[in-house]
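The values are calculated or read from the model by the stated rules, or taken from the named source; none is laboratory data. Keep in mind the model is a prediction, meaning the values are calculated, not measured. Glycine also receives a Cβ, built like all others from the backbone with ideal geometry; neighbour counts cover every protein chain displayed.
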Amino acid sequence: MSGATPLTALRNSAPAFDARVDAAACRTEQITAAPAPLNISIHDDLSAVEKLWRRFERVADCTPYQTFDWLAAWQRHVGVCDRARPVIAVARFADGEPAFLLPLAVEPSGATRRLCWLGQDLNDYNAPLLTKDFAQRVPPDRFVAAWREVRARIQRESALRHDWIEFQKMPPDIGGQANPFCQLGVAANPSGAHSAGLAGDWEQFYTGKRSSATRRRDRIKRKHLSAFGDVSFITEADPGDIDRTLQTLMQQKSRQFAHRGVGDMFARPGWRDFFLDVAVNPATRPMVHVSRVQIGEGCAAANLGLVFGGTYYHMVASYDDGEVSRYGPGALHLRELLAYAIGRGLQRFDFTIGDEPYKREWSDSAATLWDYRTVATWRGSPAVCRAALARRLKRFIKQTPWAWRTVSHTRALLGRVMQVDP
């Protein structure tokens, strides 16, 4: 049968309508067309990606634990001791601008090799660096495809081959954007994280957080502390003073670890040198805050925190466990730190990982941290199973009050026994 169909006749008689149809079709094709894949590159040398990383971190969403200088210092002091090999994955858009940067590492783990975040054990938060509009430009399926390519590219390099993947302590959000790694098969970390929004002046914040009875007890305790000498809050600026305060912090903290029967993180290879380095290194010094509460001639409490992106990160704190400990020098120091952060105009005070009661008392926001584990080769299967079981047990203990009290008391008892001279 010949002749024009009704649709053909309609098109021939209405060219203007035809143009609109074609334009709409073009727009539909543009909307539904799949975005171009991200361009992936893998680097095992920090210096090769240093310039890009530094430039990107200035505009990306990240935490201080993903900055180049922080992780370069970790690799210099700790990574070399752990035989960790950096693996930096960079994904770029078609125009060459970074979409994300993954600071990863391959390191020995028993008889296997593990792919993890660079500095994973030491960092309170582990995450990628994301471009500011990542959520708008990289839909979930596109990220998953990019992550699969990253895994394949890393595994193709003989020096970077690994048996399993373990990503720990990943926050659900990074700078207000959803963490894309939480789309994977993640499980809750044994510990959560807590933070407080800072608004107004210190007195307004303090009054809003603490009852009049609690504030009165705080004043009484401070009065008792003042009986030991003048009480002052000091932010260290001189490198020599910073070093002395950190040495005191590590000594106090090590005694607390021993009393509680837990491992001393400062006894781990390279950790002590790492903290001493980042506190005085000109590259990291601007974001590191070292302070102490001085009572008379003694350091009653010490702290190392980080200031980054409008947030104070409360990282490592200690206090004198002598007679002054009865009156809460550590609690006094925390109040001084909150006042310091407010005085600097910061927006949040992040207590970082851990569910201690004092964090809940001050915080207005809690976050679940996430872990991701998967097998890369058959040799990694036992390691993944062991790690998953350990995570479940730890989470049960930490999130169950009676179990946590029992374990804490038992460890403390063992710690006291171990400290008794034979």
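Data table
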read-out: Condition met for Asp82 (acidic (Asp, Glu) and without any contact (Cβ under 8 Å) to a residue 24 or more places away in the chain); value: no
read-out: Test: residue in segment 123-139 that is of a type in the set (Lys, Arg), more than 15 Å from Asn189 (Cβ to Cβ) and either modelled with pLDDT of 95 or more or more than 17 Å from the chain's Cα centre (by Cα) (or both); value: yes
read-out: Residue that is farthest from Ala331 (Cα to Cα) [pool: residues in segment 225-234 that are in contact (Cβ under 8 Å) with a residue 40 or more places away in the chain and loosely packed, with under 13 Cβ neighbours inside 10 Å]; value: Asp230
read-out: Meets criteria (part of a helix (DSSP H, G or I), closer than 23 Å to Ala72 by Cβ and hydrophobic (A, V, I, L, M, F, W, C)) for Ala279; value: yes
read-out: Members of segment 235-276 that are under 26 Å from Gly296 (Cα atoms), among the hydrophobic types (A, V, I, L, M, F, W, C) and surrounded by 15 or more Cβ atoms within 10 Å (Cβ to Cβ); value: Ile242, Leu246, Leu249, Met250, Phe257, Leu276
read-out: Residues that are touching a Phe, Trp or Tyr at 6+ places or on another chain (Cβ under 7 Å) and either crowded, with 22+ Cβ neighbours inside 10 Å or farther than 25 Å from Cys81 by Cβ (or both), drawn from segment 279-304; value: Ser291, Val293, Ile295, Gly296, Ala300, Ala301, Leu304
read-out: Selection count, segment 171-200, where residues are within 25 Å of Arg391 (Cβ to Cβ), outside any loop (DSSP other than H, G, I, E, B) and touching a strand residue (DSSP E or B) at 6+ places or on another chain (Cβ under 6 Å); value: 12
read-out: In segment 145-170, the residues that are surrounded by 20 or more Cβ atoms within 10 Å (Cβ to Cβ) and either part of a loop (DSSP other than H, G, I, E, B) or among the aromatic types (Phe, Trp, Tyr) (or both); value: Trp147, His162, Asp163, Trp164, Phe167
read-out: Matching residues in segment 104-119 - criterion: being part of a strand (DSSP E or B) and among the hydrophobic types (A, V, I, L, M, F, W, C); value: Leu104, Ala105, Val106, Leu115, Cys116, Trp117
read-out: Residues that are under 22 Å from His194 (Cβ atoms), assigned to a helix (DSSP H, G or I) and aromatic (Phe, Trp, Tyr), drawn from segment 359-385; value: Trp362
read-out: Filter result (part of a loop (DSSP other than H, G, I, E, B) and farther than 24 Å from Met315 by Cα) within segment 201-234; value: Ser211, Ala227, Phe228, Gly229, Asp230
read-out: Residue satisfying all of: in segment 356-392; modelled with pLDDT under 95 and under 12 Å from Ser191 (Cα atoms); surrounded by the fewest Cβ atoms within 10 Å (Cβ to Cβ) among these; value: Glu356
read-out: Residue selected from segment 54-71 under the condition assigned to a helix (DSSP H, G or I) and free of Cβ contacts under 8 Å to residues at least 60 places away in the same chain, by the criterion farthest from Pro103 (Cα to Cα); value: Arg55
